[in-house]
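Undergrad: Before I ask anything, here is the structure I am working with.
The values are calculated or read from the model by the stated rules, or taken from the named source; none is laboratory data. Computed from a prediction, not measured in an experiment: that's the story for all the values here. Because the Cβ atoms are built from the backbone with ideal geometry, glycine has one as well, and the counts that use them run over all protein chains shown. Just the protein is used for accessible areas: all its heavy atoms, side chains included, with ligands, DNA and RNA removed. Shrake-Rupley method; radii C 1.70, N 1.55, O 1.52, S 1.80 Å.
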Amino acid sequence: MLNFLIKHPVAVSFAIVLHVVVAIAVAYQWHSTPMTIKMASQDDSSKTTQAVNQIQPMKTFTVDSAAVQQQIARIKEEEAEKLATQKQLEAKSAKEREKLAELKKKQQIEAKKAEQAKKNAIAEKRKADAEKRKAAEAKQMADKQKQRVEAEKKRALAEKAKADRAKKEAALAEKKKADAKAQMVKVEKQRKAEEARKKALEQEIANKAVEKQKLEEDALQAMLEKERAEEKAAYQKLQAAADAKKRQQQKQQQLLSLKETYISSIAAKVKDNWRTPARISDQAQCELDITQSPGGNVTSVKVVNCNQFASEQFKKAAEKAVYRSEPLPKPPVAELFERNIKFVFKP
């Protein structure tokens, strides 16, 4: 039963809707059945009870077929969507199976290739072993041939006395000996050629190894030289920076010394132009703030930061001494010129 419902969802849904509609129609018809009304009437001749049936018009219930059809269509669409989804899933599953089958086929092909390669390797090994065996057999045959030649030689020497009868055999033995010797010479020549080729190959390998080692040593040497050069350049750069800083410090020190000398020369000239007024304390001192032009002319003088012994008369005399000193001494270096000069004046 459950399998039938799963396989035929549209038919089952339609049957359920139809039963619901019929049930509704029956219920509505039962509620609309006409009722019998009993009425009592009295007559002068006799009392009778008459039953009057009140006939009501029959009401009908109309099923909305459009709604039913719409519901059926919706159910069909859902079923179609489910079938389409199922088909998509089946198609996807089929594709996956095809991919798995193709992958399995490729794996089988690769396995066959690997097996064939393994068989080919075994065949090549067998071929190489057979060639080795053939070479060993050839060498063994050559050794046996050599032994036979030696035996023939001995027999020839032993039968030399029988010249008439053994002459032909001796000639034949000599011919065999010559052939064997020629064969031996050929084999020996081939052996020497093979040894020479082997030695040449070994020498070439050794030369390449020496060349490779030399290249590696040259590369290492170049790298070391580059590192040394970089270290030297870095050291030189640091040394140059240190020297430049040292020169700058020396220059600053020289300029500071020259500046002190320059200010001292201005103070000395002002002191030379000092005129000592009466009643001036020997301990009086002030700071002179002088503004000058590039030519040494005094544009202004301020007497500041005086001590308790400096009177107003001392201040005015110091100001006059500055003006009497113009033009002020020029600096030894042009860059030391300052428009504003300050120094402590104590005559």
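For every residue, the table says whether it meets (1) closer than 19 Å to S265 by Cβ; (2) touching a Gly at 6+ places or on another chain (Cβ under 6 Å); (3) in a loop (DSSP other than H, G, I, E, B).
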site	(1), (2), (3)
I290	yes, no, no
G295	yes, no, yes
V301	yes, no, no
Q308	no, no, yes
Q313	no, no, no
K320	no, no, no
P332	yes, no, yes
E338	yes, no, yes
F343	yes, no, no
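Undergrad: Taking only pairs six or more apart or across chains, which ones have beta-carbon atoms under 9 Å, a first residue in region 325-347 that is touching a residue at least 24 places away in the same chain (Cβ under 8 Å) and farther than 15 Å from L288 by Cβ, and a second residue that is among the aromatic types (F, W, Y) and not in a strand (DSSP E or B)?
TA: Short answer, once both residue conditions are applied: K330/Y262; K330/F337; P331/Y262; P331/F337; P332/Y262; V333/Y262; L336/Y262; F337/Y262.
Undergrad: Can you find, within region 302-347, the residue that is most open to solvent (accessible area, probe 1.4 Å) among those that are of a type in the set (A, V, I, L, M, F, W, C) and in contact with a Pro (Cβ under 6 Å, 6 or more places away or on another chain)? Steps first, please.
TA: Taking region 302-347 first, the residues of a type in the set (A, V, I, L, M, F, W, C) are 303-304, 306, 309-310, 314, 317-318, 321-322, 328, 333-334, 336-337, 341, 343-345.
From what is left, the residues that are in contact with a Pro (Cβ under 6 Å, 6 or more places away or on another chain) are 317, 337.
Values: A317: 15, F337: 61 Å².
This residue is F337.
Undergrad: Also, quick follow-up: Just to be sure, is Q145 surrounded by 10 or more Cβ atoms within 10 Å (Cβ to Cβ), touching a helix residue (DSSP H, G or I) at 6+ places or on another chain (Cβ under 8 Å) and of a type in the set (S, T, N, Q)? Before the answer, list the steps.
TA: Details: surrounded by 10 or more Cβ atoms within 10 Å (Cβ to Cβ): yes; touching a helix residue (DSSP H, G or I) at 6+ places or on another chain (Cβ under 8 Å): yes; of a type in the set (S, T, N, Q): yes.
The answer is yes for Q145.
Undergrad: Across region 169-200, what is the number of residues that are open to solvent by less than 90 Å² (accessible area, probe 1.4 Å), more than 30 Å from E159 (Cβ to Cβ) and not charged (D, E, K, R)?
TA: Looking only at that region, the number is 3.
The rows are residues; the columns are (1) open to solvent by 60 Å² or more (accessible area, probe 1.4 Å); (2) at pLDDT 90 or above; (3) not in a loop (DSSP other than H, G, I, E, B).
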{"residue": "E230", "(1), (2), (3)": "yes, no, yes"}
{"residue": "Q252", "(1), (2), (3)": "yes, no, yes"}
{"residue": "K259", "(1), (2), (3)": "yes, no, yes"}
{"residue": "K271", "(1), (2), (3)": "yes, yes, yes"}
{"residue": "E287", "(1), (2), (3)": "no, yes, yes"}
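Undergrad: What is the number of the single condition among (1) surrounded by 10 or more Cβ atoms within 10 Å (Cβ to Cβ); (2) farther than 30 Å from A11 by Cβ that K82 does not meet?
TA: (2)
Undergrad: Looking at this structure, is E152 in a helix (DSSP H, G or I), under 30 Å from A135 (Cα atoms) and not aliphatic (A, V, I, L, M)?
TA: Values: in a helix (DSSP H, G or I): yes; under 30 Å from A135 (Cα atoms): yes; not aliphatic (A, V, I, L, M): yes.
Yes; evaluated as a whole, the condition is true for this residue.
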